[in-house]
Amino acid sequence: MRVRRLLFPLCLLGFACTSDGLGPIPLGKYVSVSGGFRHTCAVTTEDVGMCWGDNAVGQIGNGALGTIDSLPSEIHGPVFFTHITTGDRQSCGIMPGGDAYCWGTSQEGALGSDTATVSAVPIPVSGGLKFKAISAGSNFTCGLTTVGVAYCWGQSGMLGTDTTDARTPVAVAGGHTYTAIAAAQYHACAIAVGGAAYCWGAVEHGALGTGDSIGHVTPAPVTGGHKFKVIAVANGHTCAITTGGAAYCWGIGWFGDLGNGAMTDQYAPVPVSGSHTYDDIAVGANHSCALETGGQLFCWGNNGDNQLAGAALETCIIGPTPANTVPCTSNPITSASGHLFRSITAGAFHTCAIAQGGGAFCWGANNRGAIGNYHTGASVATPYEVPEPTLPPPPP
């Protein structure tokens, strides 16, 4: 899962809006994609939401429950989205006017509804807030209002405040104004105006980047004094891009997740190996990927499900004796060779990206159809272009 600081978009007649400086995206293409635990969602140029993969609890939003959909299906509504985020068992989106909707399930309140605990179609987040960014974690969700105030809802300990479970949005403590926010399994991080990063949640092993191994229920500053423009969080580690394009990671490093040439935990940000300049970054359960300026992708960490789309020549151990081993790498390797991308996202064990010419590509674990390639089962080792939908007319 990953987020990037919001920029003013460029909109040209006949084309989609884009904010990455690469120019307009041709119509008929996906313009953003988000990888969840075992499902994926995307937004088209016409603000149509499409999802595919595991739909056990309605997280792909097509009105069904208990299914696996290995091809994209349109989210039921009718609801149009400018952005969609995918978590563990829920997905959420922002409508063009800033209203937030969620679908899927959470007994702890991750849908943001004061009544529903499960929904196979989008339902409005309570409170009437207008959002510009949203990020779904495991049993909680966080968002930024149009003026940069952070709110979270769902399971206590990850909401950035000392309240109990919250079924409706509660303000994150600290009074900061943020430009980006990202939620994971047990923690969240956000970038404040000026570039300083803050993290909170119930994690150990240093994923908060605060220099210690304990959790913090309210936002705590990430050490090191770095100024960030993009931040991404996963189960046990966090990565970010500085305003100068350098990549840093912190937290669990067992599979080389941090990209610093080691396989040990780090409680403060450490630089990713190499001298690349990056524009975007995404992290999964045990892997990380960063997009170099120019569009080449580099990845590191666990490659047991081909989520790196490259040659990982090291070996990592999974579990106690008798242990299994998986290919991995503790340094960035070239990923998806031959492709150039404009944005990147990571699910737990799969990776997706938007190509510079438009279109969504996915690879990695596909046991529940998260790749969108008509199949379930074997992992996908090279980027697969997700079939494009037949676009309906744009919203009025």
Relative contact order (%) - the chain, alpha-carbon pairs under 8 angstrom, separation at least six = 14
Work out the FRET efficiency for ASP99 and LYS227 from their Cβ-Cβ distance, taking R0 = 45 Å, and round it to the nearest 0.05.
-> 0.90
Distances over 36 Å make up what percent of all Cα-Cα pairs in the chain?
-> 13
What size of dipole, in debye to the nearest 20, comes out for the chain about its Cα centre when the only charges are +1 on Lys and Arg C-beta atoms and -1 on Asp and Glu C-beta atoms?
-> 460
Note on region 173-312: contact order normalised by length, alpha-carbon pairs under 8 Å, 6 or more apart, percent, works out to 17
Mind checking the full-extension length gain between GLU204 and THR163? Use 0.36 nm per residue of separation minus the Cα-Cα distance, one decimal, nm.
-> 12.7 nm
Which residues in region 107-139 place their backbone N less than 17 Å from a point set 7 Å from the Cα of VAL147 along the Cα-to-Cβ direction?
-> 127-133
SER213 versus ALA323, label points 7 Å from Cα toward the beta carbon: distance in nm?
-> 1.8
With Cα springs under 10 Å, the Gaussian network model of the chain assigns the largest mean-square fluctuation among GLY301, GLY215, GLY112 to GLY215
Of GLY174, GLY319, GLY201, the one that fluctuates the most in a GNM where the chain has Cα springs shorter than 10 Å | GLY319
Under a no-solvent Debye model with one identical scatterer per Cα of region 109-151, what's log10 I(q)/I(0) at q = 0.29 Å⁻¹?
-> -1.16
Where does the charge balance sit around GLY77 when Lys and Arg score +1, Asp and Glu -1, over other residues with C-beta under 15 Å from its C-beta?
-> -4
Potential extension, GLU314-TYR374 segment - 0.36 nm per residue separation minus Cα distance | 18.5 nm
In nm, spacing of pseudo-spin labels at THR277 and HIS76 (7 Å Cα→C-beta vector) = 4.9
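A short reminder: the numbers here are calculations on the coordinates, not readings from a lab. Predicted model only: the values in this text are computed from it and were never measured. Every residue, glycine as well, gets a Cβ built from its backbone with ideal geometry; the counts of neighbours run over all protein chains shown.
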